[in-house]
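Take a look at the structure set out below.
The values are calculated or read from the model by the stated rules, or taken from the named source; none is laboratory data. Model, not experiment: these values are computed from the prediction. Don't worry about glycine lacking a Cβ; one is built from the backbone with ideal geometry, like all the others, and counts go over all protein chains shown. These accessible areas exclude ligands, DNA and RNA; they are computed on the full protein's heavy atoms, side chains included. Shrake-Rupley method; radii C 1.70, N 1.55, O 1.52, S 1.80 Å.
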Amino acid sequence: MIEALQYEFMQNALLAALLASTACGIVGTYVVVKRIVFIAGGISHAAFGGIGLGYWLGINPLWAVTPFSLAAALAIGLISQTSKTAEDTTIGVFWSLGMALGIIFIGLTPGYAPDLFSYLFGNILTVSTSDLYILLALDVVIIGTVCLLRREFQAIAFDEEYAAASGLPVTALYLILLALIALTVVILIRIVGIILVIALLTVPAAISRQWATSLSKMMWISPLWAAFFTCSGLVLSYLLDIASGATIILIAGFFYFLSLLLKKVNRRIV
Amino acid sequence: MIQHPIEINDVSFSYNGTDVLRGVNLTVRSGEFLAIIGPNGGGKTTLLKIILGLLKPSRGEVKILGKPPASARHLIGYVPQHSAYDRQFPITVWNTVLMGRLGSGKPDIGDSGDEESVASALRAVDMLSFRARQIGQLSEGQRQRVFVARALASKPRLLLMDEPTASVDIVMQAGIYELLKEIKKELTIVLVTHDIGVIASYVDKIACLSGEIFYHDSKEITPESVEKMYGCPVELIAHGVPHRVMGEHRHD
Ligand SMILES: Nc1ncnc2c1ncn2[C@@H]1O[C@H](COP(=O)(O)OP(=O)(O)OP(=O)(O)O)[C@@H](O)[C@H]1O
Ligand SMILES: [Mg+2]
């Protein structure tokens, strides 16, 4: 294993894991406490349309998926805030609409779509140095926005109606939060793929929520859990020669249930 | 022209076609303490949400401190009757009250102003010693006191309270009313309540809201009439006719 660290692909993979962990731990905190896991799922699946668009246009799909998932996030947010339809219905529509578009685009693209499997299920070992710069830039945007707006985000996560009553621009803040989720999804697609994104957005934050007493503590603890899952998953998948994304998720799931169990036992003792 | 804290002219409102408010007129002058009573479903909460601009009336005009409701929110402190928050949300009492300081245009902005406002609001409801407690680990009445503190912390010019004493014990109820009496020198208060017996001695004016609005002057309220006041909304529902409690009801 140690000698594997000398390879650039392994160093890139570990760096990518750390960058992704930061984003998903911080943004996942809001996803979990505001209970918008389903929205995050909708955004990540709609992002597949962006992957398809990238293939069709013949550009790096990571470039196409960023504006595409941002647009999907804003559309879901605007429709659910302004119309009277139930939010989960809107999400369901976008969820499959995005995937359908992706399939059509890929069908229109002549020839075989390389790496398609890695966008669906992730392949952290193929992260390039230029991918790392994209991930770093996205991380900076996410952390900067959260630092600036953390009190406002906390208020809309706690009680949207009260936040509106106290004069906060709730719709705008909510859309910004969804945009951050979209950016995080873009980062995570590279690591675990579209299908598995939702686990990394929720499990680290859900575990830290069981033990943390404030959003800011959750935001410190969740990235550590995420880093632990991604790095240990990476190593294990390398050693056993199995799929990295799926290994990461299995480890995360295992610790989620372990934490639930410990919490139960803890409560019984106290 | 004087800008009253609340000016409501001929406001009607319906939820999906069901009339809730019909032709409501209400003027609250600066420094006044108004209590709104009325039956369940009478439209009290709806009226407060219209004042906050959270709901738009289907007819009529609303001016809050001379502005359209949505642009006056930073001047209003609000204690909701029910909020849809998650009891297990990871947040301390202190940070909950600090949320009252959000939104631009609040007085004394900045960290020290925030600190001072939150501390004095928590002291006012006797919850300062719980400052580090998780909001989910309080009793219902303690939580209600925290929400009163959150409204006070914004240093509002208009305070809207929707049954703030609903699950608060008698001692603290009296405490909250005494507090309101004290702060009423500096701001205007609208209180929705069912504690008819208690409020008479504190408020300047009482309105009874049951789709339409009726007024009582507080001086007409005597301990003997309190009993009958409870009958007021019931009579209105049962017969749909104006009732007589203390003198005639009058439409303002
Ligand atoms: N979101 C809603 N959708 C549809 N109807 C509603 C809604 N909220 C309230 N109503 C109806 O509007 C009417 C007035 O409700 P409101 O909450 O204003 O009453 P209230 O006077 O505050 O009652 P309470 O004393 O029980 O708090 C009720 O008949 C209620 O059924
Ligand atoms: Mg009510």
Worksheet item: Assuming A:G54 fulfils every condition listed in (1) without any contact (Cβ under 8 Å) to a residue 40 or more places away in the chain; (2) under 30 Å from B:A84 (Cα atoms) apart from one, which condition is it?
Response: (2)
Worksheet item: Which of the residues belonging to region B:164-205 are touching a helix residue (DSSP H, G or I) at 6+ places or on another chain (Cβ under 9 Å) and among the polar types (S, T, N, Q)?
Response: B:T165, B:S167, B:Q173, B:T193, B:S201
Item to complete: Under 6 Å between Cβ atoms, at least 6 apart or on separate chains: pull out the pairs that start in region B:75-96 with a residue that is within 7 Å of chain A (Cβ to nearest Cβ) and end on any residue that is surrounded by 22 or more Cβ atoms within 10 Å (Cβ to Cβ) and part of a loop (DSSP other than H, G, I, E, B).
Response: none
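Please work out if B:S112 is crowded, with 20+ Cβ neighbours inside 10 Å, small (G, A, S) and not in a loop (DSSP other than H, G, I, E, B).
Answer is no for this residue.
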Practice prompt. Output the number of the condition that A:F229 fails; it satisfies all remaining conditions of (1) within 21 Å of the chain's Cα centre (by Cα); (2) open to solvent by 10 Å² or more (accessible area, probe 1.4 Å).
Written response: (2)
Worksheet item: Filtering region B:63-99 down to residues that are more than 16 Å from ligand 1 (Cβ to nearest atom), assigned to a strand (DSSP E or B) and of a type outside the set (A, V, I, L, M), which residue is modelled with the lowest pLDDT?
Response: B:K67
Discussion item. Going by what's in this entry, would B:L122 be described as away from chain A (no Cβ under 14 Å) and crowded, with 21+ Cβ neighbours inside 10 Å?
Written reply: yes
Practice prompt. Look at region A:75-102 and say how many of its residues are in contact (Cβ under 8 Å) with a residue 60 or more places away in the chain and either buried (at least 16 other Cβ atoms within 10 Å of the Cβ) or touching a Ser or Thr at 6+ places or on another chain (Cβ under 6 Å) (or both).
Written response: 3
Practice prompt. Out of B:Y85, B:Y202, B:Y177, report the one residue that is open to solvent by less than 40 Å² (accessible area, probe 1.4 Å) and in contact with an Asp or Glu (Cβ under 6 Å, 6 or more places away or on another chain).
Written response: B:Y85
Worksheet item: How about region A:35-63: which of its residues are surrounded by fewer than 22 Cβ atoms within 10 Å (Cβ to Cβ), of a type in the set (G, A, S) and more than 17 Å from the chain's Cα centre (by Cα)?
Response: A:G58
Discussion item. So, in region B:1-47, exactly how many residues are within 16 Å of ligand 1 (Cβ to nearest atom), open to solvent by 60 Å² or more (accessible area, probe 1.4 Å), assigned to a strand (DSSP E or B) and more than 14 Å from chain A (Cβ to nearest Cβ)?
Written reply: 3
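Quick one: is B:G60 part of a helix (DSSP H, G or I) and either closer than 22 Å to B:A166 by Cβ or more than 9 Å from every other protein chain (Cβ to nearest Cβ) (or both)?
For B:G60, the condition - part of a helix (DSSP H, G or I) and either closer than 22 Å to B:A166 by Cβ or more than 9 Å from every other protein chain (Cβ to nearest Cβ) (or both) - is not met.
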Discussion item. Condition first: more than 30 Å from B:S71 (Cβ to Cβ) and surrounded by 19 or more Cβ atoms within 10 Å (Cβ to Cβ). Can you find one or more residues in region A:142-152 that meet it?
Written reply: yes
Practice prompt. From the list A:D139, A:D159, pick out the single residue that is among the acidic types (D, E), within 14 Å of chain B (Cβ to nearest Cβ) and open to solvent by less than 20 Å² (accessible area, probe 1.4 Å).
Written response: A:D159
Discussion item. Which count do you get for residues in region B:153-162 that are open to solvent by less than 30 Å² (accessible area, probe 1.4 Å) and either outside any strand (DSSP E or B) or away from ligand 2 (no atom under 16 Å from the Cβ) (or both)?
Written reply: 5
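Per-residue answers, yes or no, for (1) away from chain B (no Cβ under 14 Å); (2) closer than 28 Å to A:A137 by Cβ:
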{"site": "A:T171", "(1), (2)": "no, yes"}
{"site": "A:V203", "(1), (2)": "yes, yes"}
{"site": "A:S208", "(1), (2)": "no, yes"}
{"site": "A:T230", "(1), (2)": "yes, yes"}
{"site": "A:S244", "(1), (2)": "yes, yes"}
{"site": "A:T247", "(1), (2)": "yes, yes"}
{"site": "A:L261", "(1), (2)": "yes, no"}
Fill in: Verdict on A:L173 being aliphatic (A, V, I, L, M), modelled with pLDDT of 95 or more and over 26 Å from B:P68 (Cα atoms)
no
